[in-house]
Structure formats: structure tokens, C-alpha cells
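The values are calculated or read from the model by the stated rules, or taken from the named source; none is laboratory data. Note that the structure is predicted; figures quoted are calculated from it, not measured. Using ideal geometry, Cβ is built from the backbone for each residue, glycine included, and neighbour counts are taken over all protein chains shown.
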Amino acid sequence: MNKSLRYIALLAILPLFTAGVTTDYFSDADALKSQGTGISKYGSSTGVCGLQLCSEIPGGKDAWNAQQGKVTPVAPVEETEVKETMMEKDDSMMEETPEEEITEADLGSVLRLSRANVPATIPMHQGYYNGENVYYIITDSSDPTHADIITQSQGWQVELAPLLKNAPEEALSKTYMFTNGVEGDGVHGYQGEVFTSTPAQTDVYSALTSHVHVTWNEGVTSRVLDSDAMIVEAAENKEITLTKVEVVLNMPQIVWPEGRMMVKDTTLTDTTPYGGGQVLDIDTEEMNVTFIAHRGWGPDGRTIYYIVTDATPSGPAGMMGVVNTPTSASLIANSAAVDLYQFKNGITGTGPLGFQPGIAAGAPGDANYSPMWRIFMIGWDNPENAQLLETIDDMNAYKRAGLIDIGIARPMDSDHIVNCPFIDPFQ
């Protein structure tokens, strides 16, 4: 066996996420039903071992329990439709142990992703809801002009996501932007935006926002308007003009009158578990928030980082410690959402289920990039033969070879959409 294939055979990364999280929220509900297990839509059953039925595992549940915590070296598969060697990838993605230092005790832990989880500090903005403060971030724009304006004003990159313009009305909340009047921290340099909902209004809140420009009419003395009701009244009094704008921004709220995003009290490492919160710190004085940025792969194998701000349904949202946004379910068959592939078995790692990080069908700069992701699950037919997959081509080749299956995720038997803006955490 040559050195490159030896590295492949030794490949395994990072500890397993908890089996309880895996079982409860990300099992393939349709597959379980077809097996006639009687498992509820919430997952838990004595017949489930991690992400599969105990009856599918040689030796049953006792054998599965005995394997927890163990790492099985992976074996190379046929190379006819896959990349010739892992070492053709960017060397900066891996930390190596020299070949002469490898021992049997090293199997499964010699190679791992570096900087798998890193802190990402993002500027916050202050706006209003019903006369009270809201603190939020802006990560993506359907419109290049707004992306450029906000990037320059906040000193942090707003990604262009043209697909967001296709989002249906039911996936959007309305936000007012001021184009003149009282100077402030708003997108156009005037008072802060006014929101028509917060995460406390679960049935209507969305981080994706449609916009109405508010312009003070000539001869009127401007003042701060801090609620939807005040804006409607001012418009009726002919003090302001309201203009709908064909732009969609991704503006996740971090702090709102009724609450804030969960803060995870931890020292961040490459092995920090995925669940239990995505925010490390919220600073309303310095006006920034620090997220955990997770490492993954773009469609062509490039390194990407993403944060998680909200999701639907409530089970995965609660597991990850983010806002529950039922309105996002309307994107399940809409082009504003793009496919993101996660792994439910195989090589252990820092993916949301404790296996290798996922592969996205689009990345910043691509015409099909969006922060809204429709989740698919990849399962190895034989997890002991799992290989590290890094590209859409890798995934398709292994699927054609019959080595993996791919199915849409249906946690809690519900449509599953996650708001995962791709960002540069090192800017």
C-alpha cells in the first residue's frame, strides 16, 4: 500500500456526538416507517441504535452498545470513480503525523481537520420592535447594491445570495428602512430598522426580511419612529412616504424584547460538540456577537465556514440551540433554499450528527449560493468502509457505486430548513 492510500486507511476524525441527539432528531423517519418499527415521529425507541434500526446491525443492540466509543479504521474502496488520493487536496486542510511515527495505537486519529470550530465575531445593529430595542446581524443580501452598502458601513462582508429574491411571502417578515431623517445605525445611515416581529412571535418571525423604505416628506420635522404602529400613523398623516423595495436581507435577530439567542458557556476547541448553542458571546456595548463557525466543504472541495442562526422544526432548532422558525418550512420546495448534505454514519467528526462535516451544493460567489439550506442525509451502506468525501462529485460517484444512500432529512416528520450563512470568520 502506498503512503497516500495508507493515510486514507488511517483516516478518522474527532469524537462522536451523543447518540441521544442523533436518535431523537435526525433519524430518517420515512425509512423507519417503511421498516414497520412503530417509532414515533420524535424518534426514541428501544429498537433504534444511533441512526439505524438495531435489527440491521449484526449482533443487535448489544453489539452496537459495545462499539460506542470505539473507532474503526477505514479501508480504501475501488478508485474507478473517486479521486485517486486524499493527498491531492489542499495540504493546509490536514495535520499529518510522519509515516515512521504511525503505530497501531494511532489508527483512526492520525489525521484530523484543523480549525474545525473557530470563533466568528460579527457586528450587530440596533433597531426596534414595538418601541423596544432589537439587536441583529446582516449576513446576506439578494441585491448587490445593498450587499455593497452594508458591507462598507459595517466593515464586515455581506454575501450576495441572489436566490433569496425567490423566497415566497410566507417565508419573509417585513422590516422598515429609513432613507432620511434622524441619523443612526440603520442600513442607509439613518435611524435603526423597525421590525414587525421577533422570535417571540414564532408563527410569523423570519430572519429573511422584505423591506419597505421610509422617506420623510419635505417640510416635515423627522423624529424616531420605533414601531409599526407609529410608522402607519405617520404615513396616514402624510408625514412619510412608504415604498416597497425588491430586496431580501438575511437579518437574524440576536437580542429582542422577550429574549436572546442561547449563549454556550464553553472553551471552543476542534472537538467542541455541535449542540447546545451556537453563540459564544453577545456584547450590546461593543455591538458585536461571537458565533461558532463550523468548517465544511463547498461543492468543489473548497473550505467553507458557516454559522447557524435558526432552523425548523423545533427539535433540531432546540438541539442546536438556535431560534425556531416554522416560516422557513415554506422554502422546502423553493429555489431560495439550496441542498446541504450531512452524514449520519461513517467517519467520526464535527458534523451535526458526530460524523464527517457536510458538503454544500453552493458556496459564496456561486450563482446558486443561499444561506437557507435544505438538508439531505448521507448514509454509508457499510460504515466500516467509509471514506472522507469532500465534493459533490465524490458524493455522486459513491452513490453511483452503490456505497452510500442519500435521502432528504425529515426530523419530527417535518420539513427541515436551516439558516446557515456561509461567512469568512477570519476577516
Taking the criterion of being hydrophobic (A, V, I, L, M, F, W, C) and buried (at least 19 other Cβ atoms within 10 Å of the Cβ), would at least one residue in the range 213-222 satisfy it?
yes
Can you tell me which residues in the range 152-161 are outside any loop (DSSP other than H, G, I, E, B), surrounded by 17 or more Cβ atoms within 10 Å (Cβ to Cβ) and out of contact with any helix residue (DSSP H, G or I) (no Cβ under 6 Å at 6 or more places or on another chain)?
153, 154, 159
Of all residues in the range 367-388, count the ones that are modelled with pLDDT of 95 or more and either surrounded by 18 or more Cβ atoms within 10 Å (Cβ to Cβ) or part of a helix (DSSP H, G or I) (or both).
12
Filter result for residue 332 (in contact with a strand residue (DSSP E or B) (Cβ under 9 Å, 6 or more places away or on another chain), buried (at least 24 other Cβ atoms within 10 Å of the Cβ) and touching a residue at least 12 places away in the same chain (Cβ under 8 Å)):
no
Looking at the structure I just gave you, is residue 424 surrounded by fewer than 21 Cβ atoms within 10 Å (Cβ to Cβ), under 30 Å from residue 291 (Cα atoms) and over 18 Å from the mean Cα position of the chain (by Cα)?
no
Mind listing just one residue for me: the one in the range 162-182 that is at negative phi and either part of a loop (DSSP other than H, G, I, E, B) or at pLDDT below 95 (or both) and, of those, surrounded by the fewest Cβ atoms within 10 Å (Cβ to Cβ)?
168
Looking at (1) without any contact (Cβ under 8 Å) to a residue 40 or more places away in the chain; (2) of a type outside the set (Gly, Ala, Ser); (3) assigned to a helix (DSSP H, G or I), which is the one condition that is false for residue 327?
(1)
Candidate set from the range 274-303 (those that are more than 15 Å from the chain's Cα centre (by Cα) and assigned to a loop (DSSP other than H, G, I, E, B)); member that is nearest to residue 139 (Cα to Cα):
287
Hey, residue 350 hits all of (1) touching a helix residue (DSSP H, G or I) at 6+ places or on another chain (Cβ under 7 Å); (2) crowded, with 16+ Cβ neighbours inside 10 Å; (3) in a loop (DSSP other than H, G, I, E, B) but one; which does it fall short on?
(1)
Any chance the range 229-245 includes a residue that's among the small types (Gly, Ala, Ser), more than 29 Å from residue 352 (Cα to Cα), without any contact (Cβ under 8 Å) to a residue 24 or more places away in the chain and surrounded by 18 or more Cβ atoms within 10 Å (Cβ to Cβ)?
yes
